[in-house]
Every structure is written in structure tokens, then in C-alpha cells.
Amino acid sequence: MRIFVRLRPAVINGLRELQANKVRSLLSMSGIILGVASLVAMVTVVEGMMGNFKQFVDGMGGLEKITVERQSLPKDQEHLAALSESITLRDVDQIRATIPLISNISPEVSVGWEKIVYEGREAVTSILGCTPDYLPVARRWIDPGQGRFISDLDILYRTDVVVLGASIATDLFPPNVDPLGKVIRVKGKRFVVVGLLNKINGSNGMFSRWRNNGVFIPVTTATSKFTGNNHLTALGLRIADANDLQYAVDQVERSLLQMHHGLKDFSINTNEETLESFRKTQSAFKLSLGGVAAISLFIGGIGIMNVMLASINERIREIGVRKAVGARGSDLFLQFLAEAAVISVMGGVIGLSVSMGIVWLMNYILTQAIPSMALSTLDWKIMAQGLGFSVIVGLVAGVYPALRAAKLDPIEALRHE
Amino acid sequence: MGSLVTIRGLHKAYPMGDETVHALDGVDLDFDRGEYIAILGPSGSGKSTLMHILGFMDQPTAGSIIFEGEEVSSLGADRRAWYRSNRVGFVFQSFNLLPRLTVLENVALPLLYREDSDRKANEAAAKHALERVGMSHRLEHRPTQLSGGERQRVAIARAIVGKPSIVFADEPTGNLDVKNVDRILDLLGSLLAEGITVIVVTHDLGVAARARRIISMRAGKVQEDRRQ
């Protein structure tokens with residue numbers, strides 16, 4: 001309570017000094033303003049980028065997804081290429097039977113980008129042969145009233161059914177036509193539309209557009225009608241718990257090597273690698289930008305110290321008068337520390353508003369470049385941290401000048417011209 | 001009138017280059033409450049040093065000072081600050097008002113540093129002190145808007161706002177025109193009625209002549225102590 005009584009006039013005094021020396025104070029604040037603004041804006045934008053990326057990884061099936069893809073043999077196995085059978089449905093059965101960690105396995109055959117036709121309307125899209133397990137592995141579904149996905153019977157009987165991605169359905173059919181039950185031509189062959197895949201409304205426009213593309217047919221139909229062999233392009237595997245990822249990857253690799261007689265004609269990829277590399281980028285960003293902010297804040301501190309020393313030099317007589325009428329060293333210490341704190345808090349507040357401007361501008365530029373990219377939003381925690389840093393810098397920078405003021409001899413100070 | 005200050009064998013020595021300057025060289029003095037004293041002497045006589053030590057701005061090298069019955073010759077800095085804000089007031093030749101503060105705030109300044117500082121009470125006391133010196137019509141003015149005489153009256157208000165035992169006036173009329181000199185000296189003289197001891201430090205015989213007791217100093221010693 002006592003300290004508060006002493007602090008009040010000190011802060012009022014600091015505000016007055018600020019008002020009396022506007023330009024000088026503003027200049028001395030510039031370092032703090034820059035430091036806080038860059039700190040808050042950069043952390044916010046990096047966080048926003050990270051948010052975008054997490055969304056991207058989620059769209060790719062999340063961390064619980066493992067992708068096995070066909071790959072040419074490594075150099076030391078090249079002479080055995082003739083023995084390579086590629087990935088087949090036998091592998092799928094083997095994994096399903098022997099690796100309980102894998103909860104779903106989706107064999108996929110990519111037929112490629114092909115033309116599809118409905119009554120003269122055309123679209124070009126990717127055609128994927130798959131099984132019912134595609135849905136849980138890719139985290140997709142079919143909304144009620146939008147038909148069904150490929151069934152086990154479709155796989156067994158190699159039926160000519162097709163499920164359309166949401167954007168393909170709107171590209172290919174007029175708005176007043178229900179695509180369900182209609183016959184379309186895929187690469188010249190007749191298919192019946194049995195379902196529409198759920199529509200993804202991501203804030204990431206390009207990405208969700210790509211995700212809403214594509215048509216899906218039974219994997220057995222794809223191999224018998226289009227590719228002509230039993231080679232699978234990829235396997236999508238889903239595990240129940242992301243913590244088991246590494247075990248699952250190891251087991252899948254061992255199982256496949258065994259099935260493929262030791263030939264490494266496949267690669268195993270997880271989203272963790274992508275996420276990890278982004279995390280590294282993120283921390284590198286944070287470190288370098290944090291360094292820039294730290295340097296600005298440091299320079300800001302020097303600026304404040306400088307202006308405080310100048311101010312004390314000009315006011316030696318005032319210090320003498322205050323001491324003569326009864327101010328203790330600690331009173332003057334508090335007064336000048338409060339002045340430094342006032343400058344830095346003001347700088348911090350201005351810096352925060354500047355950072356809002358920067359974030360707004362960055363969002364504007366990014367959304368111009370990539371429409372409907374996720375926006376970065378200011379987090380009050382980061383703002384509070386920025387303000388806290390500026391206060392700390394102000395206080396640290398104020399200590400030495402304030403100590404000098406406190407230690408001045410009143411008689412010498414009063415004689416000062 | 002009771003005894004206010006008793007000084008015995010007061011010494012103050014400064015190192016100056018290789019030599020030691022004896023600003024005060026064995027001073028013995030007694031001051032009573034309500035006395036009007038002038039300390040007279042040329043520069044370098046030790047009169048300013050005596051004022052600084054008696055005004056709790058400086059410490060003696062040796063000797064004893066009994067102030068209101070207590071030995072105060074070797075107090076720490078904070079304790080001396082307490083005496084400055086509670087027991088003494090200063091009036092300077094160059095007024096020494098703070099330019100950024102209003103008249104009222106300047107006068108209230110000594111109370112700000114007291115333990116029991118309270119904004120409302122400080123303001124009331126400052127207003128009262130300004131009334132006492134006839135400056136209550138200029139509360140919200142800045143010192144630069146006042147004439148020299150007015151500034152010195154504000155400075156006197158600041159010196160008496162804390163109801164001190166002693167007011168020190170260091171060449172209080174040195175920067176004033178003739179018309180204002182009398183007014184300020186009258187004002188200082190009127191403080192005696194309130195039991196305040198007024199000590200005017202000056203080298204002006206005319207100013208000193210107003211006091212009832214003139215102490216002449218030379219080379220750090222009391223040369224003459226005359227009551228009139």
C-alpha cells in the first residue's frame with residue numbers, strides 16, 4: 001500500500017515528462033516499439049502458418065496414417081528387378097492377418113487422370129481404384145442421402161460403379177440433376193454413379209479443392225478393366241493410436257520384406273516426417289525472428305537508458321531540489337524507474353498496435369496470394385508476453401540511470417547550473 | 001523560548017586536490033526557537049557549509065549537534081531526508097521551483113516525501129501556506145508565469161508548508177529588485193511569531209541588519225556573535 005502511494009506521483013510525473021519531451025520520448029521508444037511489434041507479429045504469423053500446416057496434415061489423413069508406395073529397387077538390388085512382384089492384394093491380406101496395430105488397410109490403384117463424360121459434359125479428374133477401407137483410412141464419409149461408397153460385393157464382383165468427389169459432381173452434372181443412379185463414361189467405359197463423397201470445406205481453398213476432386217471405383221474393377229495387372233499403386237494404413245506409429249512402421253516393413261523375398265520395392269511414408277520437418281522450420285523461424293526481436297528490445301533498452309541519462313543530466317537541479325525538501329534516494333530511484341517504465345509501457349502498447357497492423361497486412365497479402373488461407377489471429381497471451389518483455393526491458397534499462405539520480409549529492413545538485 | 005540547536009566543536013573538512021580545506025574549524029553555537037539570525041560572511045567563510053550541515057544536507061567531520069534534544073551529527077542519508085521533510089525548510093537565492101509543476105504542486109512537494117503523505121491533506125496544507133504568503137490567487141500557475149518576488153513568496157510557502165522548526169534562507173533577496181526585498185524580508189520576519197527559527201545566510205549587511213542576532217563568520221570560525 002505504501003509503495004502504491006509512492007508510485008502514483010512517480011508515474012504521473014513520468015507521464016508529464018513524456019508529454020513535455022514528446023519527440024525525444026518517441027525516439028527512445030522506437031526500439032521497444034519495433035521489438036514488441038516484430039516479436040508479437042512474427043510469433044503470431046508463424047503460429048498461423050503452423051495452424052495451416054496442421055490442417056494440411058489432418059487433411060492428408062493425420063498422424064495415424066501410414067502410406068506404402070511402390071518404389072524402384074535400391075542400387076544393390078537392381079539386378080533382381082525381374083523378381084519384384086510389386087505391392088499386391090496378397091500383401092494386404094498378409095498385413096491384415098499379421099499386424100493387429102493396423103486397424104484399416106486401404107489398397108489403392110491409381111488409374112491416372114482421365115476424361116469422364118455425362119451427356120456431353122466432360123471433366124478430367126483422377127481415377128482411383130479402392131476398397132471400402134478407403135473411407136476410414138482417408139477420414140472421409142458419405143453424407144446421408146448421398147448414396148453409398150464402394151462395397152465388398154463391388155470388390156468381389158468387379159462391378160462398374162463409381163463414387164464422385166463433390167467438386168466433380170458439380171462440374172459434371174447440371175445443378176438440377178441428381179447424379180445418383182446416372183450412367184457416366186469413365187475412360188470410355190460405362191459406370192453407374194452410386195454415391196457422392198463428403199464435401200471438404202477447408203479454409204485452405206486450393207487444398208480443399210484438390211481434396212474434393214477425384215472419382216473412386218472398386219479396386220478390382222480398376223485392375224481388370226484399366227491397368228491389366230494386379231499391381232497396387234499404394235497402401236493406405238491406419239493405426240488406432242499415433243503413439244504406436246513407429247512400431248507399426250517397423251512391423252509393416254518387416255512383413256512386406258518377407259512377402260517380397262527381401263526386395264525393397266516399396267517405401268513407407270508417414271505424415272510425421274512432414275510434420276517434423278515443418279516443426280524444424282517453425283523453430284528455426286521462431287529462433288531467428290526471436291533473435292531479431294531480442295536485438296530490437298536490447299537496442300530499445302539502450303535507447304531508454306540513453307534518454308534517461310540525458311534527462312537526468314538536464315534535471316540535476318530538480319533532483320537537488322527534491323532532495324532538499326526531503327526526498328530520499330529511494331524516492332528519486334522510484335521516480336526515475338517509473339519514468340523509464342512509463343516510456344517502455346507506452347512503447348510496448350504502441351508496438352502492440354503496430355503488430356496488429358503487421359498481422360493484418362500479412363493476412364491481407366497471404367490471402368491475396370493464396371485465397372482463403374487460414375488467417376493468423378493475435379493471441380492475447382503472446383501480446384501479454386510482448387508487453388511483459390517491454391516492461392522488463394524498461395525496468396532493467398532504468399535501473400542504472402535511476403541509481404545515478406538517487407546517489408546525487410543534494411548540495412552538488414543544487415549548485416549545478 | 002527553549003533551546004533548539006546546540007552546536008559544539010563542529011568541524012568540516014574537504015579534500016581538495018592534495019590539500020584539505022577546513023570549511024568549519026571548531027564552531028560552537030546555540031539557537032533558540034523563534035530566533036531571527038543572520039549568518040554573515042564572505043564566500044569561503046564557511047557559512048554555506050554551516051547551513052548545509054544544520055539543514056541536514058551534509059554531515060560534519062567532527063563535533064556534536066543536538067537538535068531538539070537529539071544528537072544528529074552522524075545520521076544516515078534517509079534519516080537526514082526525514083529531517084529535511086519534517087523539520088527544516090529552505091529558501092534559495094534562485095527560488096528553485098520546479099518548472100513543470102504548478103505553484104500548488106511545488107508547495108506541496110515536501111509533503112509528498114512524508115510517511116503519511118495524503119494527496120488531499122497535502123493540497124489543503126499547500127493552499128494554507130500559499131494564503132500565508134499572499135499567493136493563493138496563483139495556485140494553478142507555473143513558476144515561469146510569476147515575477148521574481150512572487151516566486152520567492154511561493155518558495156517561502158514551500159519552506160513553511162511542513163511546519164518546520166527552522167527555515168534557512170540562502171541569499172533570499174539576491175535575485176530580487178528593491179521593491180520586493182522588503183516584502184520578502186518582512187515575510188521571513190513574520191515567521192518568528194509562529195515559533196519558527198529563521199536563519200538568513202547572506203553577505204549583504206542590509207539584509208543581515210534585519211535580524212536580531214548577527215553571526216559573522218570568517219575562515220570557518222565564528223568571528224562575532226552579536227545580538228541587537
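The values are calculated or read from the model by the stated rules, or taken from the named source; none is laboratory data. The structure displayed is predicted, hence computed values, not measured ones. Neighbour counts are summed over all protein chains in view; Cβ atoms, including those assigned to glycine, are modelled from backbone coordinates with ideal geometry. Keep in mind that these areas ignore ligands, DNA and RNA; they rest on the heavy atoms of the full protein, side chains included. Shrake-Rupley method; radii C 1.70, N 1.55, O 1.52, S 1.80 Å.
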inquiry  = Going by what's in this entry, would B:ARG218 be described as touching a helix residue (DSSP H, G or I) at 6+ places or on another chain (Cβ under 7 Å), over 24 Å from B:ARG33 (Cβ atoms), open to solvent by 10 Å² or more (accessible area, probe 1.4 Å) and of a type in the set (Lys, Arg)?
reply    = no
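Looking only at the stretch A:41-50, decide whether some residue is in contact with a helix residue (DSSP H, G or I) (Cβ under 6 Å, 6 or more places away or on another chain) and either under 27 Å from A:SER126 (Cα atoms) or in a loop (DSSP other than H, G, I, E, B) (or both).
no
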query = Inside the stretch A:284-340, can you point out the residues that are more than 30 Å from A:MET50 (Cα to Cα) and among the β-branched types (Val, Ile, Thr)?
reply = A:ILE302, A:ILE304, A:VAL307, A:ILE312, A:ILE316, A:ILE319, A:VAL321, A:VAL325
ask   = Given the residues B:LEU111, B:LEU98, which is the only one that is within 22 Å of the chain's Cα centre (by Cα) and part of a helix (DSSP H, G or I)?
value = B:LEU111
Scan of the stretch A:6-42 for residues that are in contact with an Asp or Glu (Cβ under 8 Å, 6 or more places away or on another chain) and either away from chain B (no Cβ under 12 Å) or farther than 20 Å from A:VAL345 by Cα (or both), ordered by number = A:SER25
note = Note on the stretch A:264-284: residues more than 18 Å from the chain's Cα centre (by Cα) and loosely packed, with under 14 Cβ neighbours inside 10 Å are A:SER267
task = Return yes or no: is A:LEU337 surrounded by fewer than 24 Cβ atoms within 10 Å (Cβ to Cβ), more than 14 Å from chain B (Cβ to nearest Cβ) and of a type outside the set (S, T, N, Q)?
result = no
key: Residue within the stretch B:202-210 that is within 13 Å of the chain's Cα centre (by Cα), of a type outside the set (Val, Ile, Thr) and surrounded by 19 or more Cβ atoms within 10 Å (Cβ to Cβ) present   = no
request  = Looking at (1) within 8 Å of chain A (Cβ to nearest Cβ); (2) open to solvent by less than 20 Å² (accessible area, probe 1.4 Å); (3) more than 16 Å from B:VAL5 (Cα to Cα), find the lone condition where B:TRP82 falls short.
outcome  = (2)
query = So which pairs qualify, if the first residue must be in the stretch B:191-203 and more than 10 Å from B:GLY34 (Cα to Cα), the second must be in a helix (DSSP H, G or I) and not aliphatic (A, V, I, L, M), the Cβ gap must be under 9 Å, and the two must be at least 6 apart or on different chains?
reply = B:VAL201/B:LYS47; B:VAL201/B:SER48; B:THR202/B:LYS47; B:HIS203/B:LYS47
remark   = Picked from the stretch A:55-86 (must be touching a helix residue (DSSP H, G or I) at 6+ places or on another chain (Cβ under 8 Å) and of a type in the set (A, V, I, L, M)), the residue most open to solvent (accessible area, probe 1.4 Å) is A:MET60
query = A:ASP250: surrounded by 19 or more Cβ atoms within 10 Å (Cβ to Cβ) and over 24 Å from A:LEU135 (Cβ atoms), yes or no?
reply = no
task = Scan the stretch B:77-90 for residues that are free of Cβ contacts under 8 Å to residues at least 24 places away in the same chain and either touching a Ser or Thr at 6+ places or on another chain (Cβ under 8 Å) or not in a helix (DSSP H, G or I) (or both) and report the count.
result = 1
message = Based on this model, can you work out whether B:ALA124 counts as open to solvent by less than 10 Å² (accessible area, probe 1.4 Å) and either more than 23 Å from A:SER330 (Cβ to Cβ) or within 12 Å of another protein chain (Cβ to nearest Cβ) (or both)?
response = no
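From A:LEU245, A:LEU287, A:LEU257, A:LEU237, grab the single residue that is farther than 23 Å from A:GLY61 by Cβ and surrounded by 14 or more Cβ atoms within 10 Å (Cβ to Cβ).
Only one candidate qualifies: A:LEU257.
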key: Single residue of B:GLN59, B:GLN93 found to be touching a residue at least 60 places away in the same chain (Cβ under 8 Å), outside any helix (DSSP H, G or I), touching a Ser or Thr at 6+ places or on another chain (Cβ under 9 Å) and open to solvent by 10 Å² or more (accessible area, probe 1.4 Å)   = B:GLN93
task = Confirm whether B:LEU191 is open to solvent by less than 60 Å² (accessible area, probe 1.4 Å), more than 20 Å from B:MET51 (Cα to Cα) and away from chain A (no Cβ under 14 Å).
result = no
ask   = Any idea which residue in the stretch A:91-106 is most open to solvent (accessible area, probe 1.4 Å), counting only those that are assigned to a helix (DSSP H, G or I) and either in contact (Cβ under 8 Å) with a residue 24 or more places away in the chain or more than 23 Å from A:SER151 (Cβ to Cβ) (or both)?
value = A:THR98
